[in-house]
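The values are calculated or read from the model by the stated rules, or taken from the named source; none is laboratory data. Just so we're clear, the structure is a prediction, and the values are computed from it rather than from any experiment. Here the Cβ is made from the backbone with ideal geometry for all residues, glycine too, and neighbour counts use every protein chain on show.
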Amino acid sequence: MLSKLRTAFVRHGLLGVAMHAVRRAHSFLPRAEDQRFRGAFGSYQEAMASVRPGLLAGYDNDAIVDMSFEELSTIRSSDVPVLVLLERLLPNVKCILDAGGHMGTKYRAFRERLDLDNKVRWIVWDTPAIVRAGRKRAVTEGLAALSFVEDIAEAPPADLMLCSGLLQYIDIPFVDLVRQLPAKPPHLILNKVATRDGPTVVTLERFGDKAEVPYQIRNREEFVGMLDTLAYDIVEEWVVPEFSHVIPEAPQLGASTSRGYYAKLRS
Ligand SMILES: C[S@@+](CC[C@H](N)C(=O)[O-])C[C@H]1O[C@@H](n2cnc3c(N)ncnc32)[C@H](O)[C@@H]1O
């Protein structure tokens, strides 16, 4: 390094040394294409409007339905609190609505450990692109207990709604989502909810070289207050350390905290 600085000085003087330092500092910064998160926007719509030209915008695209399917279909450490809660609640649960359940990824993962097949109807609500692909896969694999809805209002009344890794991606307030349901589920398990202590911010998450997807980091207090408005009491709460993220372009916002909640409908 010293010899490179010396060469820069001999060839271009102090300006050369400064240029070398800038180039070197740059090589340590994440390159735009390597960054998972880009930008800090005031709303989902603003983030969506800022998707890079040439990339798909948002989750509802046939080209990205298979992305991460295998990985999401396994039990990760972030799933353990959900698995433990399901094990406890299953005796009183006959129908689970898995909102943002992809092609039944968590159903596939959890049926390895829980007796789901003969005891529970597992209904996934997801984007139309995922639902189309998920239905085909479920038929091919003979997964009779797994079914899909495109419109959450068409889901049957569920005993439990699971939202695992969904909330950062939905384009409507969570209150509106719950109010579309035919009936409020008595049990709510929310996992991998991106939160922060400051105002809600939306960034763009990069999916390889294919897409950018708005990713919402919610104000924690507002979110907890909203559960109360919906008449849910939080029974258990946990942190998911591996889903904490800093937006490289906005480090002043600090790291997000990913949380999980188990809440019960007040009777
Ligand atoms: C990170 S994946 C989570 C998959 C799975 N629940 C898990 O925990 O592994 C996020 C899911 O949310 C779904 N999603 C995103 N936006 C959505 C929307 N507006 N309506 C329904 N589902 C949506 C995506 O299609 C995807 O399946």
Regarding region 252-260, can at least one residue be identified that is assigned by TED's automatic domain parsing to the domain that holds residue 68, outside any loop (DSSP other than H, G, I, E, B) and among the hydroxyl-bearing types (Ser, Thr, Tyr)? yes
Could you list, in sequence order, the residues of region 150-176 that are over 19 Å from the mean Cα position of the chain (by Cα) and surrounded by fewer than 19 Cβ atoms within 10 Å (Cβ to Cβ)? 151, 153, 154, 156, 157, 159
Exactly one of (1) in contact (Cβ under 8 Å) with a residue 40 or more places away in the chain; (2) more than 14 Å from the ligand (Cβ to nearest atom) is unmet by residue 91. Its number? (1)
List pairs: first in region 164-185 and under 18 Å from residue 201 (Cβ atoms) and basic (Lys, Arg), second away from the ligand (no atom under 13 Å from the Cβ) and in a helix (DSSP H, G or I), Cβ under 8 Å, 6+ apart or cross-chain? none
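Conditions tested, residue by residue: (1) among the basic types (Lys, Arg); (2) surrounded by fewer than 17 Cβ atoms within 10 Å (Cβ to Cβ).
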| position | (1), (2) |
| --- | --- |
| 74 | no, yes |
| 88 | yes, yes |
| 91 | no, yes |
| 95 | no, yes |
| 105 | no, no |
| 128 | no, yes |
| 134 | no, no |
| 140 | no, yes |
| 144 | no, yes |
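For region 112-132, which residues satisfy the criterion of being within 10 Å of the ligand (Cβ to nearest atom) and either farther than 26 Å from residue 80 by Cα or assigned to a strand (DSSP E or B) (or both)? It would help to see each step written out before you state the result.
Residues of region 112-132 within 10 Å of the ligand (Cβ to nearest atom): 124-131.
Result: 124, 125, 128, 129.
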Considering only region 172-188, I want to know if a residue exists there that is outside any strand (DSSP E or B) and within 10 Å of the ligand (Cβ to nearest atom). yes
